[in-house]
């Protein structure tokens, strides 16, 4: 999957495979060039929209659980800082 955007409450991503609404996904998020720690979390798919031109799906998921809330919030703050300085990252 390609991460498009995220916050402590949810993520938006693109995938070549669609997922069912309300299905659970297990994910790891990291910023390997600056923060070497991986943060695990579980999300619940809220929408899945096909992009027929690209043959992919854009999905949104609510973050329902993480074992490292402080780490997740730090990565979110770094992401927001970069977006404010450079515009959309992806």
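The values are calculated or read from the model by the stated rules, or taken from the named source; none is laboratory data. Predicted model only: the values in this text are computed from it and were never measured. Using ideal geometry, Cβ is built from the backbone for each residue, glycine included, and neighbour counts are taken over all protein chains shown.
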Practice prompt. Of all residues in region 38-70, count the ones that are modelled with pLDDT under 90, within 16 Å of residue 2 (Cβ to Cβ) and surrounded by 12 or more Cβ atoms within 10 Å (Cβ to Cβ).
Written response: 0
Worksheet entry | Any chance residue 81 is modelled with pLDDT under 85 and out of contact with any strand residue (DSSP E or B) (no Cβ under 6 Å at 6 or more places or on another chain) | yes
Response to the item:
Residue hits (region 5-37; at pLDDT below 85, under 13 Å from the mean Cα position of the chain (by Cα) and farther than 14 Å from residue 62 by Cα) are 28, 29, 30, 31
